[in-house]
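Working notes, beginning with the structure itself.
The values are calculated or read from the model by the stated rules, or taken from the named source; none is laboratory data. This one's a predicted model, so the numbers in the text were calculated from it and none came from an experiment. Cβ placement follows ideal geometry from the backbone for every residue including glycine, while neighbour counts extend to all protein chains displayed. Protein only, heavy atoms only, side chains kept; ligands, DNA and RNA dropped before computing areas. Shrake-Rupley method; radii C 1.70, N 1.55, O 1.52, S 1.80 Å.
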Amino acid sequence: MPAGVIGMGTYVPEKVITNKELETKIDTSDEWIQTRTGIKERRIASGEIDTSHMAFNAAKEAIQDANISPDDIDLILVATVTPDQPFPSVSSMLQHQLGATNAAAMDISAACAGFIYGMVTAKQFIDSGAHNNVLVIGVEKLSKIVDWEDRNTAVLFGDGAGAAVMGQVSEGRGILSYDLGSDGSGGEHIKQDEFLRMNGREVFKFAVRQMGESSLSVVEKAGLTKEDVNFIIPHQANIRIMESARQRLELPIEKMSKTVDRYGNTSSASIPLSLKYDLEHGKIKDDDVVVLVGFGAGLVWGSVALRWGR
Ligand code: UT7
């Protein structure tokens, strides 16, 4: 039986920061942000809401959606570059908070491709028979590492969490193929000192090339053609980068996920936040072929082709 998603949950903080509000704090404009990135607003977690808090809320919803209980979870994988602290891991904190007494736990550091890395890791454990129900979470509190005086980055990022319970699904459904990669030679283009620093133009070029190639490669690895793909969920970093991936698969605009306008770039949380949003809005149906593709600091990338449904 193949590995696939059996439950989804998300969480975003209540506080909204609009482009208009940013205009009052830094030298930017709503017009620049919307035309260059597609972002209109983002969610920001207040001081007391940390990464584990957001992850917990998304996880609880995913477990409920999967119709299982926390002690059925046997592995927790949390993809994040903004953990509450270096250790204990967010996944171990969650294991305790959820009462997932039978779960092993580890965090994954693959930046904006983290959720894809988590899904693919979960698939290996499920395929091998080692684990049955794996909780995979992408969660970030990027607001705590953003330099709010740097207009190159302050307008881009947001906070949030998305969680999936992965387990065995019906034959023909679930993850059909995947592609993971890393090019550490570009590591300097996004890194963290005290704050997140980025050479946007270099990352843009890398993203356009790699998102397209990786998306195509999973379609081919699954033995499918572009015509078989029903929907694409690109990492929600910038509408122009997302568009380039969509065009490589020759999909019409309505077959691409878009939540970047409302959440900005939430790094590892962006793909699961989008997936849940699209499910709720009826954009993905059982047996649709969906391509998920992410890229980010490392530099790394990852894609998955899956046939939706339990
Ligand atoms: O999740 C992965 C993380 N990162 C990314 O995905 C980022 C990928 N890169 C991008 O999305 C884009 O490169 C950005 C949105 C970051 C920048 O867009 P761009 O079209 O590549 O702009 P640019 O860096 O070439 O800058 C164009 C101009 C510059 O002014 P000059 O030098 O031409 O006078 C910037 O200083 O826009 C200026 N600029 C801004 N203006 C108003 C940069 N940021 C802003 C801003 N508001 N917030």
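See the values below:
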read-out: Residue count for the range 1-27, restricted to those that are assigned to a loop (DSSP other than H, G, I, E, B) and either open to solvent by 70 Å² or more (accessible area, probe 1.4 Å) or within 11 Å of the ligand (Cβ to nearest atom) (or both); value: 7
read-out: Residue check, residue 195 under 22 Å from residue 158 (Cβ atoms), within 16 Å of the ligand (Cβ to nearest atom) and touching a Leu at 6+ places or on another chain (Cβ under 7 Å); value: no
read-out: Residues being within 11 Å of the ligand (Cβ to nearest atom) and open to solvent by 50 Å² or more (accessible area, probe 1.4 Å) - total across the range 28-66; value: 5
read-out: Given (1) open to solvent by 10 Å² or more (accessible area, probe 1.4 Å); (2) touching a Pro at 6+ places or on another chain (Cβ under 9 Å); (3) within 15 Å of the ligand (Cβ to nearest atom); (4) not small (Gly, Ala, Ser), number of the condition residue 159 does not satisfy; value: (1)
read-out: Qualifying positions in the range 251-292 - within 21 Å of residue 36 (Cβ to Cβ) and either of a type outside the set (Ser, Thr, Tyr) or open to solvent by 10 Å² or more (accessible area, probe 1.4 Å) (or both); value: 253, 256, 258, 260, 261, 262, 263, 264, 265
read-out: Test: residue 242 is touching a Ser or Thr at 6+ places or on another chain (Cβ under 7 Å) and surrounded by 19 or more Cβ atoms within 10 Å (Cβ to Cβ); value: no
read-out: Residue 236 part of a loop (DSSP other than H, G, I, E, B) and buried (at least 21 other Cβ atoms within 10 Å of the Cβ); value: yes
read-out: Residue count for the range 118-144, restricted to those that are surrounded by 24 or more Cβ atoms within 10 Å (Cβ to Cβ) and of a type outside the set (S, T, N, Q); value: 13
read-out: Where residue 79 falls short, out of the listed (1) over 21 Å from the mean Cα position of the chain (by Cα); (2) within 30 Å of residue 206 (Cα to Cα); (3) open to solvent by less than 30 Å² (accessible area, probe 1.4 Å); value: (1)
read-out: Scope the range 213-233; condition surrounded by 22 or more Cβ atoms within 10 Å (Cβ to Cβ) and more than 22 Å from residue 309 (Cα to Cα); matching residues; value: 214
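Condition check ((1) within 16 Å of the ligand (Cβ to nearest atom); (2) assigned by TED's automatic domain parsing to the domain that holds residue 235; (3) crowded, with 17+ Cβ neighbours inside 10 Å) across all residues:
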position: 179; (1), (2), (3): no, yes, yes
position: 184; (1), (2), (3): yes, yes, no
position: 189; (1), (2), (3): yes, yes, yes
position: 202; (1), (2), (3): yes, yes, no
position: 207; (1), (2), (3): yes, yes, yes
position: 211; (1), (2), (3): yes, yes, yes
